[in-house]
Structure formats: structure tokens, C-alpha cells
Amino acid sequence: MVYRWHDKEPCSSDPPETQMDTTASNVPSVGDAPTTPRASGQKVVCGWCRTEVTVPPRGRVPKWCSSSCRHRAWEQRRAADAGLAAVEVVDRVVEVVRVEKVVEERRVQVPVPRSPRSTRDWVDVLNRLDWALQTNRMELDDLAEIEPALARVIAAYRARSDKLHLRRGRR
């Protein structure tokens, strides 16, 4: 019977004449295993992403190209053990349209109506009012609103101008 180094039991299919003595001193050890040096540049395929991985000259033969591939394979095995459907995750770029509300600040100079301060300013205001009335720029509702104010202005003007004429007449 021949004892092979990877067998725990002697191989019974071998003819009895080839059986060797299996005493403790004659049992091959792991160190007696055939050591075939690895050739440089040997490659294996990653168990997850199928990329080629270079095999180091000594040590274990790698199954994964990176820790992330090892972790993904573990997650898939865990899901399968739990009875869940194993899903292949594929990363891809997805464009998303995003609507943004933009608030823009604009500074515009707006003419602020102010009270006329000089005689010339009063004349300009009255000329603009005269132009608006003659070119029909005012609605009838606006005229109805202006009429009482104009009546008071005309009454105040007549009272003031009468005093002016009286004063001039005395001179």
C-alpha cells in the first residue's frame, strides 16, 4: 500500500506489495510535500469582478483583487445563506435634472415723487398736468378725483392773487 502525502488513510487500491511501512518515522510530513516554485507573472482571475490578479511567488493564491471585491462576495454569500435573492449591483452614472430657483438682486433708480420746492418746480408740475389733460392721458375716474383738489387750488390762488392785486393797487 502506498501512502500519499495528501491522504490521511493509505490507499487501499494499491497492490499489497507496494505498501510501505507506516510507522511514525516513515510517515511523510507536510514539509515533504512536493514544492513546485511558482513562475513569475502567473495570474488568476478575481472571483468577483473577473480581473486578472498577479500571484505572489510565495503564500496563498489570492481569490480577490481587492478588499472591496472580497466584501461584495461576502455580502452576496450572506444574502444567499439568508434565503434572499442575490442581486448583482451595477454602478452606473445617472443624470438628474435639478431645478433651482435663482433670486437676482437688481438695484434700479426709481424717481421718487417729491414736493416742488421752487417756483420753477411748481411750474413744471402744472405744465405736466396741463399736457396730460390736453393729450387725454387721464381717465375720467382720475379727472373726477383731481377736480376737487384743483377747485381748492384755484380758490386758494384767487384769494392769494386778490391780495396781491390789492397790495399792488395801493402802491
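The values are calculated or read from the model by the stated rules, or taken from the named source; none is laboratory data. Predicted, not measured: the structure shown is a model, and the values here were computed from it. With ideal geometry, Cβ positions are generated from the backbone for all residues, glycine too; neighbour counts draw on all protein chains shown.
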What number of residues within region 113-137 satisfy the criterion of being in a loop (DSSP other than H, G, I, E, B), over 16 Å from V153 (Cα atoms) and modelled with pLDDT of 85 or more? 5
Of residues in region 115-130 being loosely packed, with under 10 Cβ neighbours inside 10 Å and basic (K, R), the one nearest to the chain's Cα centre (by Cα): R117
Select from region 44-60 the residues that are under 26 Å from L84 (Cα atoms) and either surrounded by 15 or more Cβ atoms within 10 Å (Cβ to Cβ) or among the β-branched types (V, I, T) (or both) and list them in ascending order. C46, G47, W48
Scan A73, A149 and give me the residue that is of a type in the set (G, A, S), loosely packed, with under 10 Cβ neighbours inside 10 Å and either modelled with pLDDT of 85 or more or not in a loop (DSSP other than H, G, I, E, B) (or both). A149
Residue among K63, K101 that alone is assigned to a loop (DSSP other than H, G, I, E, B), charged (D, E, K, R), modelled with pLDDT of 80 or more and surrounded by 10 or more Cβ atoms within 10 Å (Cβ to Cβ): K63
